[in-house]
Amino acid sequence: MSVLAIRVLGDPVLREETRLVTEVTDDIRRLIDDMFETMYAANGIGLAAPQVGRTQRVCVVDVEGAAYALVNPEVVRTTGPKAKAEEGCLSIPDVYGDVERPSRVTVQALDRDGASFEVTAEGLLARCFQHEIDHLHGKLFLDHLSFLKRRAALARWDEEKDQYPGFIRVLKVGGSEHPDEEL
Ligand code: K2U
Ligand code: ZN
């Protein structure tokens with residue numbers, strides 16, 4: 001398994017529509033394993049394939065030990081009140097904004113063996129599912145912000161983006177991007 005480089009805002013891959021996976025092959029399972037390892041190294045709770053430069057419709061999630069690999073996921077039902085919470089994105093480091101989303105979702109997907117499953121989630125897991133499935137359709141949390149909030153977020157990104165030449169964020173293995181940082 002490998003820790004992959006993360007693509008950051010400005011890389012056109014983050015705005016592409018992903019391709020449906022027609023067969024869950026060993027290559028897709030290797031991508032899933034690498035995405036989990038990359039997500040953990042980045043201290044994330046979700047990661048979508050475009051964030052590691054791949055255009056297959058695949059994402060992974062792990063919220064408080066509830067771990068899912070989702071192939072061709074789709075939201076089939078949203079219920080419950082809308083809830084607003086601060087979101088960030090591993091592809092837009094150090095930028096945050098409040099996003100309103102349905103508080104409960106039902107998602108249908110294939111698992112790493114190609115078997116179809118359905119899961120209903122609420123709270124942070126529901127939010128994460130929606131955030132990752134947005135990624136698979138070229139949508140970012142910024143797109144849910146008001147004009148003024150998005151302008152402020154993009155201004156913040158302008159201050160950060162020079163740290164990522166080529167729109168690449170290289171992760172240090174071991175979970176810290178600053179290895180000499182006190183753990
Ligand atoms: O897709 C990604 O960029 C990973 C996102 C997923 C996410 C964002 C907002 C809310 C829920 C999930 C995060 O950057 S992972 C970092 C994180 C960690 C704990 C709680 C929220 C976000
Ligand atoms: Zn994200």
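Table for the structure above
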read-out: Hits in the range 64-87 (condition: among the hydrophobic types (A, V, I, L, M, F, W, C), without any contact (Cβ under 8 Å) to a residue 60 or more places away in the chain and in contact with a helix residue (DSSP H, G or I) (Cβ under 9 Å, 6 or more places away or on another chain)); value: Ala66, Ala67, Ala69, Val71, Val75, Ala83, Ala85
read-out: Failed item in (1) of a type outside the set (D, E, K, R); (2) in contact with a helix residue (DSSP H, G or I) (Cβ under 7 Å, 6 or more places away or on another chain); (3) within 16 Å of ligand 2 (Cβ to nearest atom); (4) closer than 20 Å to Leu47 by Cβ, with Leu125 passing the rest; value: (2)
read-out: Qualifying position, being free of Cβ contacts under 8 Å to residues at least 60 places away in the same chain and acidic (Asp, Glu), among Glu132, Glu159; value: Glu159
read-out: Residue under evaluation Leu47, criteria (1) under 19 Å from Leu9 (Cα atoms); (2) in contact with a Cys (Cβ under 7 Å, 6 or more places away or on another chain); (3) surrounded by fewer than 20 Cβ atoms within 10 Å (Cβ to Cβ); (4) of a type outside the set (Asp, Glu), criterion not met; value: (3)
read-out: Test: residue in the range 5-25 that is outside any helix (DSSP H, G or I), within 13 Å of ligand 2 (Cβ to nearest atom), over 14 Å from the mean Cα position of the chain (by Cα) and surrounded by 14 or more Cβ atoms within 10 Å (Cβ to Cβ); value: yes
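Values in this text are rule-based calculations from the coordinates and carry no lab data. It should be emphasised that the depicted structure is a prediction, and the values quoted were computed from it without experimental measurement. Because the Cβ atoms are built from the backbone with ideal geometry, glycine has one as well, and the counts that use them run over all protein chains shown.
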